[in-house]
Amino acid sequence: MRIYFIIKPLGTYALKKLHKSIEATFDKKKDSLHILSTLKKGHAIDLTQRAIQEKADLVVACGGDGTINEVARGLVETEVPLAIIPLGSGNGIARHFKIPFKISEAVQLIKKNKVAKMDVGEVNGHYFFGNMGCALESHFIRTYQKNKWHGIWAYVIAFLDAIMSFRHQKIEIEYNDKSQTISPFVLLVSNTNQQGYDFSLTPQARSDDGLMDVFWMERSNFFNKIRFIVNALTGRKLTAKGCNLIRLSALKISLLESSDLCVQIDGEFLPVASKRLEVKVLPKELNVIVP
């Protein structure tokens, strides 16, 4: 097999461990191994295209949800499977598929080559594989990226910052021949049952059912927001007033005011010029290596 490992920037220890696990698992006489490191944001897209042009049999994303997104978008509608070695912060997509977090075990899983089909989300021509959002969660991601440091405490600080600075927007959502005007505190469209760090607003989501789990919480008072946050962080049922969860194959989101939409896909801020988002599912368009 021709296997391409596309690796986000790592510390020396993790990088050595990854190389050692690859060498111990694969036979260089039987497998053609190509280890490529990204140099900047977006570089994994180019490296994936190179892998496809060089007839890769398998491409491995070594990183978090952002790296997975950059690699996977080049594999959509191809027969080349995506494998994952979770080396990011939240790792929501890897957690959804129960990919081992121990590097050696994740590499061994690739060797077994068990393939499953995964749905792909699309918003205004941009693919997402875990989730997309355009309310508190997207402001949180924008703040997190501005801070330029990572880890659980970086998430906590960015989340608190986003809550303090968040301003509700009036939007219209259209689905199943219905339209509804809302001012969401949270609006998340999810293809997976994890958003990262074992946190989930869509715990029953499946990535192979041709549907997206759409969760939103309407504008509410301070007490209901705190209740929602506590329940979400502790994994309890989300019963706060204004919480909604539906499953859809397509959704339109329109901003009804003069401000700009703030959008995130797979934990990365996505600049958009349009005040209208068209979200849909591409059923089972990605092959993924799973346990």
Legend entry - Matching strands (runs of 3 or more DSSP E) fully within the stretch 206-291 where at least 3 residues are assigned by TED's automatic domain parsing to the domain that holds Val76 and among the aromatic types (Phe, Trp, Tyr): none
Legend entry - Residues of the stretch 144-168 classified as of a type in the set (Lys, Arg), at negative phi and not in a helix (DSSP H, G or I), total: 1
Inset, instruction - Tell me which residues, restricted to the stretch 1-30, are of a type in the set (Gly, Ala, Ser) and part of a helix (DSSP H, G or I). - result: Ala14, Ser21, Ala24
Legend entry - Members of the stretch 74-98 that are out of contact with any Leu (no Cβ under 7 Å at 6 or more places or on another chain), within 20 Å of Asn193 (Cα to Cα) and part of a loop (DSSP other than H, G, I, E, B): Gly88, Ser89, Gly90, Asn91, Phe97, Lys98
Inset, instruction - Go over the candidates Ile141, Ile68 one by one and state the one that is in the same structural domain as His19 (by TED's automatic domain parsing), of a type outside the set (D, E, K, R) and either without any contact (Cβ under 8 Å) to a residue 24 or more places away in the chain or part of a helix (DSSP H, G or I) (or both). - result: Ile68
Inset, instruction - Determine which single condition Asn224 fails, assuming it passes every other condition in (1) touching a Pro at 6+ places or on another chain (Cβ under 7 Å); (2) modelled with pLDDT under 95. - result: (1)
Inset, instruction - Could you tell me which numbered condition Arg227 fails, if it satisfies all but one of (1) under 17 Å from Arg167 (Cβ atoms); (2) surrounded by 15 or more Cβ atoms within 10 Å (Cβ to Cβ)? - result: (1)
Legend entry - Candidates Leu39, Leu58, filtered to the one that is over 17 Å from Thr192 (Cβ atoms) and surrounded by 21 or more Cβ atoms within 10 Å (Cβ to Cβ): Leu58
Legend entry - Matching residues, the stretch 99-120, being outside any strand (DSSP E or B) and charged (D, E, K, R): Lys102, Glu105, Lys111, Lys112, Lys114
Inset, instruction - List every residue pair whose Cβ atoms lie under 9 Å apart, where the two residues are 6 or more positions apart in sequence or sit on different chains, the first residue falls within the stretch 74-95 and is more than 27 Å from Gly11 (Cβ to Cβ) and of a type outside the set (A, V, I, L, M, F, W, C), and the second residue, located anywhere, is assigned to a loop (DSSP other than H, G, I, E, B) and modelled with pLDDT of 95 or more. - result: Pro81/Asp57; Pro81/Leu75
Legend entry - Answer residue from the stretch 191-235, given it is in contact with a helix residue (DSSP H, G or I) (Cβ under 9 Å, 6 or more places away or on another chain) and among the polar types (S, T, N, Q) and is farthest from Asp65 (Cα to Cα) among those: Ser220
Legend entry - Counted residues, the stretch 209-227 - those being within 27 Å of His96 (Cβ to Cβ) and over 15 Å from the mean Cα position of the chain (by Cα): 9
Legend entry - Qualifying residue in the stretch 121-137 (condition: closer than 16 Å to Tyr197 by Cβ, under 13 Å from the mean Cα position of the chain (by Cα) and either basic (Lys, Arg) or in a helix (DSSP H, G or I) (or both)): yes
Inset, instruction - Tell me which of these Ser200 doesn't satisfy, since it passes every other one: (1) at pLDDT below 95; (2) in contact with a Pro (Cβ under 8 Å, 6 or more places away or on another chain). - result: (2)
Inset, instruction - Among what's in the stretch 230-272 and is modelled with pLDDT under 90 and more than 17 Å from Gln195 (Cβ to Cβ), pick the residue that is surrounded by the fewest Cβ atoms within 10 Å (Cβ to Cβ). - result: Thr239
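The values are calculated or read from the model by the stated rules, or taken from the named source; none is laboratory data. Computed from a prediction, not measured in an experiment: that's the story for all the values here. A quick note on method: Cβ atoms are made from the backbone with ideal geometry, for glycine too, and the neighbour counts reach across all protein chains shown.
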